[in-house]
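The values are calculated or read from the model by the stated rules, or taken from the named source; none is laboratory data. These numbers were taken from a predicted model, which means no experiment stands behind them. Reconstructed Cβ throughout: ideal geometry from the backbone, glycine too, with neighbour counts over all protein chains shown. All accessible areas refer to the heavy atoms of the entire protein, side chains included, with ligands and DNA or RNA removed. Shrake-Rupley method; radii C 1.70, N 1.55, O 1.52, S 1.80 Å.
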Amino acid sequence: MRVKKEINENEPPKWPVKLLQALAKYTFQTGGILDEGDHIPNVLSDSDCKIRHALVCEDSMLKISQTRFGRVKFLQIVGCTNDELKFAQEWSTRKILNLMKNFRELGNDYLLVDLKRSKSIFELDSDLRRKTLRNLKKEGSFMSFVKSKCFWRLNLECSSNDGNFKPYDQLTFNIDLETARLFPLILKQRLDKENSFIFNGIDGRSLILIPENFSNSNCLVTKENPVQSNGEECQVLISKRLIDSLYIFFQQLKLDKKEEIGEHISRKFFFDDLNEFSLYLRIISSEKILNFFENN
């Protein structure tokens, strides 16, 4: 992380230490390892400034080193505004970072973190938002997975697994508020454009959402068996009708306007017209989901 030095500033600021503590807490709670292209929401949420989130990129000044202990890659933390985070999530973190390098307010290639920066790059360049929206509509989202506070459970009647993929008829997917806020984007910018999406959960297991007409040799789900799991990975076939139903559900919740929710919000959806396969979606308070996971 490169911090902008203020004129006549003789002592280093203390807030970067707080930021690094928040990053350590984030990786501990999610179990994730930060890598280039990642985004970290609300890592500076206690701050009164506009720089509240962080993006991660490969450090352009410190090159990859090959040591006798292995390969070392240096990552850089870059502060961003709500607007910049939103477009990084909806389009591409790497492409937003490349756009940020065009602005001297961020030190160009240095990508300086300046908590006093009051304008996003889309406010500094009034035409940039229109160009980015055009590219987003054309390309969709490049975000193919997320490590978040989520976990899934299969129906208990056939939950035992020997490591081989088996079909299931009931799936419960528990997500926190931050993950829920991403769902409309995932539905419309990934699944609706026939791209898969992976949720890496707090227990290290993965849930893979697979749209209809998705072609991949590792895809095991079918219309007859829309839920398949080997215990560590769960594949879920999402029909166009289910995408639309989920999107309407999340739009009605208006989670982007809520700081927090109550105990939880839940809804049952069906994969098929005969209602033989069900998805039980539960949105849990961000503060309570870890406790909920440990007790379920």
Where the centre of each part is set by its Cα atoms, how far does the stretch 122-195 sit from the stretch 212-283, in angstrom? 10
Directionally averaged projected area (convex hull, Cα atoms, the stretch 76-198), nm²: 10.1
Would you look at the GNM of the chain, springs on alpha carbons closer than 10 Å, and say which of Ile186, Ile248, Ile210 moves the most? Ile248
Measuring with a 1.4 Å probe in the full set of protein chains, what accessible area per residue, in whole Å², belongs to the stretch 144-296? 50
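Tally up the carbon and sulfur contribution to the accessible surface of the stretch 227-296 as a whole percent, 1.4 Å probe, everything protein left in place. Display every interim value, and only then the final one.
Details: 1820 of 3970 Å².
Answer for the stretch 227-296 is 46 percent, counting heavy atoms of protein chains only.
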Quick one: pull the percent of accessible area on the stretch 54-155 belonging to carbon and sulfur, 1.4 Å probe, ligands and nucleic acids left out. 51
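According to the Cα gyration tensor, what semi-axes, each the square root of 5 times an eigenvalue, does the equivalent ellipsoid of the stretch 59-117 have, listed from largest to smallest in whole Å? Could you put the intermediate results ahead of the total?
On the way: eigenvalues 128, 40, 19 Å².
Sorted largest first and rounded, they come to 25, 14, 10 Å.
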Using the structure shown, select from Lys149/Lys254; Lys73/Lys193; Lys4/Lys288 the pairs with a Cα to Cα distance greater than 25 angstrom. Lys73/Lys193; Lys4/Lys288
Out-of-range pairs (alpha-carbon distance over 18 Å; input Lys86/Lys137; Lys116/Lys147; Lys63/Lys116; Lys18/Lys101): Lys116/Lys147; Lys63/Lys116; Lys18/Lys101
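Given the rule -39500 (n - 2.57) for each run of at least 4 DSSP H residues, summed and divided by the residues of the chain, what is its mean residue ellipticity at 222 nm, to the nearest 500 deg cm²/dmol?
On the way: 8 runs with 78 residues, N = 296.
One gets -7500 deg cm²/dmol as the mean residue ellipticity at 222 nm.
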Peptide ranges 89-95, 2-8, 16-22 listed from the most packed, as the mean C-beta count within 10 angstrom indicates: 89-95, 16-22, 2-8
Calculated from the structure, Rg/Rh (Cα atoms, Kirkwood Rh) equals which of (i) 1.03; (ii) 1.18; (iii) 0.99? (iii)
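Any chance you could run the full-extension gain for Lys5 through Asn42? It's 0.36 nm times the residue separation minus the Cα-Cα distance, nm to one decimal. Before the final figure, lay out each step's value.
Values: separation 37, 0.36 × 37 = 13.32 nm, distance 2.31 nm.
Length gained between Lys5 and Asn42: 11.0 nm.
Could you tell me the relative contact order of the stretch 192-296? Use alpha-carbon pairs under 8 Å, at least six residues apart, and round to a whole percent. If you can, show how the numbers build up before the last one.
Working: 128 pairs, mean separation 18.6, N = 105.
Relative CO of the stretch 192-296 lands at 18 percent.
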Cut-off 10 angstrom, C-alpha nodes, Gaussian network model of the chain. Which of Ser229, Ser141, Ser60 fluctuates the most? Ser60
The extension gain from Ser118 to Gln251, computed as 0.36 nm times the residue separation minus the Cα-Cα distance, is 44.9 nm
Could you please put Thr81, Thr67 in sequence from largest to smallest accessible area, using a 1.4 Å probe? Thr67, Thr81
So what is the accessible area of the stretch 1-107 per residue, in Å², with the probe set to 1.4 Å? 59
